[in-house]
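Below: the structure, in structure tokens.
Each value in this text was obtained by applying a stated rule to the coordinates, not by laboratory testing. A quick note: this is a predicted structure, and the numbers were derived from the prediction, not measured. Cβ atoms come from the backbone with ideal geometry, glycine included; neighbour counts cover every protein chain shown.
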């Protein structure tokens, strides 16, 4: 309007726009497209990265056991890119392994390894300590790679199940060797995760993980819990009481000669719900301060126990048993092989 006033139609349009903004239903004009990164907010991308780094950290000990060498997978970089851009990122030959999530969450995971990295990993898993990649990936090599990725995906599924409170299952890994025609899980946009992949002095490379936006959103929602607004604390007014309202009675101490009576054995039930801290100690060692300050990724610390020697089980820091390490599904466990006798426990405390 020329005089600065608004017509009734213009006022109604402004009010409708405000309502749309408050309800989250504001419409984007045709032809205006947000960049792909907007499909996941920075906070959501960070939540996905933290979750995947944690999952990889959980599975690395098992993978290191399979390989016979220390493996480090981490520093996940999460990006949302157009599907065509992602295809263009992989013009060379790659080993592609697809694992789907079903159950509480449905989604598609695509793991991409370079031919050299896949060859080194499969050789190590087949017992070749040199890690020399084979000339061709035989069926046996491919089976070991499927097991390698299956361990990772099963751990991610288990961690996600714990986060969202619903069971997440994995399908059998499907392996293919692809070139410029990778399987992109979703259009028009897809989530691309880039990990640093290190295996001692054999590999210093990247591993790629693609997933559909819906799966990444589920991970973000399960991992990121926004800080709830805390209610304002208002102390209740204290009602003063007069001296006559306060009950006063003298303190009665038992005679010193009575002693402490023994507690009947049946009262042990009162202690059954008391929490105790159970610790499994693999071994110990002592190092100089300069050695500790020099520790870094890939450092190896030698413990005072031999390979295959039983580990110690301690309750509240006290040795009670010994056992051997076992693997239960995706987790480590201990099979008790020897209960420490009371005499041995006393001797241990006196030493």
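Observations on the structure shown:
- Residues in the stretch 103-145 reached by a label modelled at residue 183 [backbone nitrogen below 11 Å; 7 Å Cα→Cβ]: 108-111
- Here is the tail figure for the stretch 27-151: Cα pairs spaced more than 23 Å apart come to 45 percent of all pairs.
- The stretch 113-194: C-alpha gyration tensor shape, a/c 1.5 cut-off, then a/b vs b/c: oblate
- Projected label distance in nm at residue 328 and residue 303, using a 7 Å step from Cα toward the beta-carbon: 1.9 nm
- Per-pair calculated FRET efficiency, R0 = 35 Å: residue 339 and residue 171 via Cβ, rounded to 0.05: 0.25
- Protection proxy ranking, highest mean first, for peptides 281-289, 42-50: 42-50, 281-289, where packing is the per-residue count of other beta-carbon atoms within 10 Å, averaged.
- Once the Cβ-Cβ distance of residue 221 and residue 290 is raised to the sixth power relative to R0 = 56 Å, the FRET efficiency obtained is 0.75.
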